[in-house]
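Enquirer: Here it is: the structure, laid out below.
The values are calculated or read from the model by the stated rules, or taken from the named source; none is laboratory data. Quantities reported herein were computed from a predicted structural model and do not represent experimental measurements. Glycine also receives a Cβ, built like all others from the backbone with ideal geometry; neighbour counts cover every protein chain displayed. SASA here: full protein model, heavy atoms, side chains in, ligands and nucleic acids out. Shrake-Rupley method; radii C 1.70, N 1.55, O 1.52, S 1.80 Å.
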Amino acid sequence: MTQQTLVLIKPDGLKKSLTGNVLTRLSETKLDIVAAKIVKVSRELAEKHYAALKDKPFYGDLIKYIMGEYHKKKVMALVYWGEDAINNVRKICGSTNPEEADPVSIRGAYGRITTKGVYENVIHASTNAQEAEREIKLWFQPDEVIVDLYPTKIIKEKIERRAWA
Ligand code: DAT
Ligand code: MG
């Protein structure tokens with residue numbers, strides 16, 4: 001089945017210059033990258049992304065981590081698209097806990113747990129189609145994705161925005 005999945009290279013991955021290594025590993029999947037950008041993660045975006053984990057004891061540190069407070073304040077966000085995209089990407093990422101992840105997976109090779117207990121596991125990937133839809137819609141606008149993944153509508157709005165001077 002053709003699917004789409006959200007991938008984030010987290011701030012530890014960017015700080016450690018792992019972007020190339022991670023993208024090379026993901027290219028093994030033969031999936032298509034259909035959206036990509038560098039994002040400075042706001043608290044609002046971080047909290048929406050990890051909303052399901054807000055009652056966990058590690059939630060506060062997780063928000064700080066994804067916002068880049070322990071590394072660089074940036075994340076690389078991508079959408080991968082193709083056959084069985086969700087599981088194919090998750091397989092290469094490895095388990096959530098980087099100490100338990102297969103050593104040849106991305107998390108096993110590059111992740112660590114800090115002495116404070118923060119899982120610095122380098123990469124995020126959606127776990128199922130419902131999560132992928134929620135996450136892709138949270139991180140990307142329709143026009144930032146080069147294929148039509150979900151239904152869209154045209155809205156007219158008067159907004160103030162920053163433009164090149
Ligand atoms: P995944 O990222 O593998 O989908 P998840 O959605 O359960 O895992 O959790 C999101 C992130 O939260 C995960 O990448 C790292 C962090 N996390 C999960 N369990 C944790 C734990 N027990 N201690 C510290 N951080 C944890
Ligand atoms: Mg998850």
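Enquirer: Out of the residues in region 1-48 that are touching a Leu at 6+ places or on another chain (Cβ under 6 Å) and in contact (Cβ under 8 Å) with a residue 60 or more places away in the chain, state the one that is most open to solvent (accessible area, probe 1.4 Å). Write out each step before concluding.
Expert: Pass one, region 1-48, residues touching a Leu at 6+ places or on another chain (Cβ under 6 Å): 4, 7, 33, 36, 48.
Now drop any that are not in contact (Cβ under 8 Å) with a residue 60 or more places away in the chain, which leaves 4, 7, 48.
Numbers: 4: 32, 7: 0, 48: 95 Å².
Residue satisfying both the conditions and the ranking: 48.
Enquirer: I'd like the full set of residues that are surrounded by 15 or more Cβ atoms within 10 Å (Cβ to Cβ), in contact (Cβ under 8 Å) with a residue 60 or more places away in the chain and over 23 Å from residue 133 (Cβ atoms), limited to region 49-71.
Expert: 71 - this is the single residue of region 49-71 that is surrounded by 15 or more Cβ atoms within 10 Å (Cβ to Cβ), in contact (Cβ under 8 Å) with a residue 60 or more places away in the chain and over 23 Å from residue 133 (Cβ atoms).
Enquirer: For residue 82, state whether it is on the phi > 0 side of the Ramachandran plot, open to solvent by less than 40 Å² (accessible area, probe 1.4 Å) and over 13 Å from the mean Cα position of the chain (by Cα).
Expert: Details: on the phi > 0 side of the Ramachandran plot: yes; open to solvent by less than 40 Å² (accessible area, probe 1.4 Å): yes; over 13 Å from the mean Cα position of the chain (by Cα): yes.
Here the answer is yes, as residue 82 does meet what is asked.
Enquirer: Could we say that residue 129 is under 14 Å from residue 22 (Cα atoms) and at pLDDT 95 or above here?
Expert: The answer is no for residue 129.
Enquirer: Against the definition (out of contact with any Lys or Arg (no Cβ under 7 Å at 6 or more places or on another chain), more than 9 Å from ligand 1 (Cβ to nearest atom) and at pLDDT below 95), how does residue 159 come out, yes or no?
Expert: Numbers: out of contact with any Lys or Arg (no Cβ under 7 Å at 6 or more places or on another chain): yes; more than 9 Å from ligand 1 (Cβ to nearest atom): yes; at pLDDT below 95: yes.
Yes; evaluated as a whole, the condition is true for this residue.
Enquirer: Any chance you could count how many residues in region 90-132 are within 15 Å of ligand 2 (Cβ to nearest atom), exposed (fewer than 14 other Cβ atoms within 10 Å of the Cβ), free of Cβ contacts under 8 Å to residues at least 40 places away in the same chain and farther than 24 Å from residue 69 by Cβ?
Expert: The total comes to 1.
Enquirer: With respect to residue 87, is the statement that it is touching a helix residue (DSSP H, G or I) at 6+ places or on another chain (Cβ under 9 Å) and surrounded by 13 or more Cβ atoms within 10 Å (Cβ to Cβ) true? So that I can check it myself, show each step before the final result.
Expert: Numbers: touching a helix residue (DSSP H, G or I) at 6+ places or on another chain (Cβ under 9 Å): no; surrounded by 13 or more Cβ atoms within 10 Å (Cβ to Cβ): yes.
For residue 87, the condition - touching a helix residue (DSSP H, G or I) at 6+ places or on another chain (Cβ under 9 Å) and surrounded by 13 or more Cβ atoms within 10 Å (Cβ to Cβ) - is not met.
Enquirer: Any residue that is among the hydroxyl-bearing types (Ser, Thr, Tyr) and either surrounded by 12 or more Cβ atoms within 10 Å (Cβ to Cβ) or near ligand 1 (Cβ under 10 Å from one of its atoms) (or both) - is there at least one of those in region 141-156? First the steps, then the outcome.
Expert: Kept after step one, since they are among the hydroxyl-bearing types (Ser, Thr, Tyr), are these residues of region 141-156: 150, 152.
Filter again for either surrounded by 12 or more Cβ atoms within 10 Å (Cβ to Cβ) or near ligand 1 (Cβ under 10 Å from one of its atoms) (or both), leaving none.
No, region 141-156 contains no residue that is among the hydroxyl-bearing types (Ser, Thr, Tyr) and either surrounded by 12 or more Cβ atoms within 10 Å (Cβ to Cβ) or near ligand 1 (Cβ under 10 Å from one of its atoms) (or both).
Enquirer: Just one of 72, 48, 15 is out of contact with any helix residue (DSSP H, G or I) (no Cβ under 9 Å at 6 or more places or on another chain) and basic (Lys, Arg); which is it?
Expert: Values: 72 fails: out of contact with any helix residue (DSSP H, G or I) (no Cβ under 9 Å at 6 or more places or on another chain); 48 fails: out of contact with any helix residue (DSSP H, G or I) (no Cβ under 9 Å at 6 or more places or on another chain).
None of the others qualify; the one that does is 15.
Enquirer: Let me ask another. Conditions: (1) over 16 Å from residue 19 (Cβ atoms); (2) under 12 Å from the mean Cα position of the chain (by Cα); (3) within 16 Å of ligand 2 (Cβ to nearest atom). Residue 140 meets all but one. Number of the miss?
Expert: Of everything listed in (1) over 16 Å from residue 19 (Cβ atoms); (2) under 12 Å from the mean Cα position of the chain (by Cα); (3) within 16 Å of ligand 2 (Cβ to nearest atom), residue 140 misses just condition (3).
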